[in-house]
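Here is the structure we will look at.
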Amino acid sequence: MTDSALEAPKVRDHKEDLFTAKPWQLVWRRFSKHMLAVISLWFLILLALTAIFADQVAPYDPFKVQRLRTLAPPTGIHLFHEGQFVGPFVYGLSRERDPNTARVLYEADPETVLPIQFFYQGDDYNFLGLFKSNIHLFGVDDRREQINLLGTDDLGRDVFSRLMHGGRVTLSAGLIGVVFAFVLGLTLGSISGYFGGWIDSSIQRLMEFIRSIPTIPLWMGLAAALPIAWDPIFVYVLITLILALIGWTHLARVVRGQFMAIRNEDFVMAARLAGASEYRIITKHMLPSMTSYIIAALTLAVPEMILGETALSFLGLGLRPPVVSWGVLLQDAQNLRSISMAPWLLSPGLAVVLTVLAFNFLGDGLRDAADPYGQ
């Protein structure tokens, strides 16, 4: 028997698996071939987990001030001490002041070996307002020393801890804003494209009015009008809603254009002749037919919301201290002195770049996978 005869059943079995596979299996099969999208998916899952459990992952309270550890460099993690393996540990820091420039200098103290302890009992926190705890993922058992993976800021606060807590605020603001914008964009865009006429004209004029509003003067006016005494959580919710009210128009235009292109297709006419309601035609027939377009617009909207919050907070027009977000953290790197002396303060900017790239790669993979029968 020839080799080709042996291979034929395997090929047929593979094709039969494709023919009998469920839609979600076909989507996953195609999505898994996009390596960057898969890596981005796992990165975003890890990022979401660190944002949810930021209290446990962060070794310190993000507001804890260490006045004798200002602008300390990132702490290096070591495994070997004097040629012997002792497990993960960090060296202590010796603090000196330059007699000529009065600048504080830090050097590793090889005499002070601080083993890294996992599930360490450190600063108290209230996890998501549910219960109190003091368990952290890692830390060092020395109240006079710290492990600062990304260094400290000008008040001695741990940048890594603040980055973890800032990710919770920035990501939630982006996702919540996209949910509101997604609902508004899909609803108004589908109504506008399906019914047309005066309804379409009214919604289009509303969209044009919103898109004509200059965003920077709007945010400057809001920043001046918002009382400083307002609760930071209320300001956070308000800014998230405003981002959604401004950002829904792009998705609505995409949905409207697709609805106008397919509202006279045969499957829509068949559903209408079969007595289906307008709501069922829109939600059960027309929206599922443009899944790839919706996914593409949705995944592009999330990084836009994140960039919007970061940029506004960086300019002082969005979230403000004591709220910790990536944009607020980047305010510490606005001057040349911080960039030259403490480049680790730019780490929130790197986190924003990686997150936006991950969402874009994920959206690219999902858009291709939404059409599993395509080539």
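According to a simple spin-label model (label point 7 Å from Cα along Cα-to-Cβ), what is the distance in nm between Leu245 and Leu350?
Modelled inter-label distance: 3.8 nm.
Given H placed on each backbone N at 1.01 Å, which residues far from His81 in sequence or on other chains put an amide H within less than 5 Å of it?
Under 5 Å from the amide H of His81: Val86.
Restricted to Cα positions, what overall size does the chain have along the principal axes? Three whole-Å values, descending.
For the chain, the Cα extents along the three principal axes come out at 85, 78, 41 Å.
What is the pair-distance distribution P(r) of segment 22-179, computed from all Cα-Cα distances in 10 Å bins starting at 0, with each bin given as a whole percent?
Reading upward from the zero bin: 10, 29, 28, 19, 10, 3, 1, 0.
Using the membrane-span-like helix rule (whole DSSP H runs, Cα extent along the own axis of at least 20 Å, mean Kyte-Doolittle hydropathy at least 0.5), which helices of the chain qualify?
Flagged H segments are 35-52, 159-195, 232-262, 291-314, 347-369.
From the phi of every residue in segment 145-154, what ³J(HN,Hα) in whole Hz does the Karplus formula 6.51 cos²θ - 1.76 cosθ + 1.60 yield, where θ is phi - 60° and glycine or proline is x?
10, 9, 10, 10, 5, 10, x, 10, 9, 6
Antiparallel DSSP bridges in the chain: what percent, to the nearest 5?
Working: 21 of 21 bridges.
Looking only at bridges with both residues in the chain, the antiparallel portion is about 100 percent.
For segment 60-126, which semi-axes, largest first and in whole Å, follow from the square roots of 5 times the eigenvalues of its Cα gyration tensor?
Its equivalent ellipsoid spans semi-axes of 24, 21, 7 Å.
Quick check: from the Cα gyration tensor, does segment 155-207 come out rounded (a/c under 1.5), prolate or oblate?
prolate
Could you give the nm distance between label points at Arg144 and Asn335, where each point is 7 Å from its Cα heading toward the beta carbon?
3.2
How do the peptides 209-217, 144-152, 73-81 rank, highest first, by the average count of neighbouring beta carbon atoms within 10 Å per residue? Kindly include the intermediate steps, with their values, before the conclusion.
Working: 209-217: 10.6, 144-152: 20.4, 73-81: 14.8.
Peptide ranking by packing, descending: 144-152, 73-81, 209-217.
Ile147's amide H: which non-local residues (gap 5+, or another chain) put their own amide H closer than 5 Å, with H modeled 1.01 Å from N in plane and none for Pro or chain starts?
Val140
If you count only protein heavy atoms with a 1.4 Å probe, what accessible area per residue comes out for the chain, rounded to a whole Å²?
On the way: 21180 Å² over 375 residues.
On a per-residue basis, 56 Å².
How would Lys64, Lys132 rank on accessible area, largest to smallest, probe 1.4 Å?
Heavy-atom accessible area, descending, gives Lys132, Lys64.
Calculate what fraction, in whole %, of the accessible area of the chain sits on carbon and sulfur atoms when a 1.4 Å probe is rolled over the protein chains.
65
Write down, largest first, the equivalent ellipsoid semi-axes of segment 289-347 in whole Å, where each equals the square root of 5 times an eigenvalue of the alpha-carbon gyration tensor.
Taking √(5λ) for each eigenvalue gives 32, 13, 8 Å, largest first.
From Cα coordinates alone, what are the radius of gyration and Dmax values for segment 251-375 in angstrom?
21.5, 71
With each run of n ≥ 4 DSSP H residues scored as -39500 (n - 2.57), what mean residue ellipticity at 222 nm is computed for the chain after dividing by its residue count and rounding to the nearest 500 deg cm²/dmol?
Values: 13 runs with 210 residues, N = 375.
Rounded to the nearest 500, it is -18500 deg cm²/dmol.
In segment 119-212, how does Rg compare with the Kirkwood Rh, expressed as the Rg/Rh ratio over alpha carbon atoms? Mind showing how you got there, number by number?
On the way: Rg = 23.5 Å, Rh = 17.8 Å.
Over the Cα atoms of segment 119-212, Rg/Rh equals 1.32.
Using a Gaussian network model of the chain with C-alpha springs under 10 Å, which one of Leu243, Leu226, Leu300 is most mobile by mean-square fluctuation?
Per the Cα network of the chain with a 10 Å cutoff, Leu226 tops the list.
Please report the spacing between the Cα centers of segment 116-150 and segment 206-270 in Å, no decimals.
Rounded to whole Å, the Cα centres lie 40 Å apart.
What Rg and what Dmax come out for segment 18-98 when only alpha-carbon atoms are used, in angstroms?
Computed over the Cα atoms of segment 18-98, radius of gyration and Dmax are 22.4, 73 Å.
Quick check: from the Cα gyration tensor, does segment 166-324 come out rounded (a/c under 1.5), prolate or oblate?
It is prolate, given that a/c is not under 1.5 and a/b is the larger ratio.
Grab the chain and count how many Lys pairs have their alpha-carbon atoms under 30 Å apart, sequence gap of 8 or more, or different chains. Each step should come with its number before you reach the end.
Working: Lys10/Lys22; Lys10/Lys33; Lys15/Lys33; Lys15/Lys284; Lys22/Lys33; Lys22/Lys284; Lys33/Lys284; Lys64/Lys132.
Going through the chain pair by pair, I get 8.
So for each of 284-290, 235-241 I average, over its residues, the number of other beta carbons within 10 Å; can you give me the resulting order with the highest mean first? Don't skip to the answer; put the middle values down first.
Numbers: 284-290: 15.9, 235-241: 18.1.
Order by mean packing, descending: 235-241, 284-290.
Separation between the Leu68 and Arg211 pseudo-spin-labels, each 7 Å from Cα along Cα→Cβ, expressed in nm?
Placing both labels 7 Å beyond Cα along the Cβ direction yields 6.0 nm.
Stretch Ala102-Val237 to full length: gain in nm at 0.36 nm per residue minus the Cα-Cα span? Write out the running numbers ahead of the final one.
On the way: separation 135, 0.36 × 135 = 48.60 nm, distance 4.35 nm.
That works out to 44.3 nm of additional length.
Using the charge dipole of the chain (Lys, Arg: +1 at Cβ; Asp, Glu: -1 at Cβ; taken about the Cα centre), state which of Leu36, Leu137, Ala311 has its Cα farthest towards the positive end.
Ala311
Between the alpha-carbon centers of segment 285-348 and segment 77-105, tell me the distance in whole angstrom.
Distance between centres, Cα-based: 34 Å.
For the charge dipole of segment 168-267, defined by +1 on Lys and Arg C-beta atoms and -1 on Asp and Glu C-beta atoms about the Cα centroid, which residue among Ser192, Met220, Phe234 has the Cα displaced farthest towards the positive pole?
In segment 168-267, that residue is Met220.
The values are calculated or read from the model by the stated rules, or taken from the named source; none is laboratory data. This one's a predicted model, so the numbers in the text were calculated from it and none came from an experiment. Please note: Cβ atoms are built from the backbone with ideal geometry, for glycine as well, and neighbour counts cover all protein chains shown. Only protein heavy atoms, including side chains, enter the accessible area calculation; ligands, DNA and RNA are left aside. Shrake-Rupley method; radii C 1.70, N 1.55, O 1.52, S 1.80 Å.
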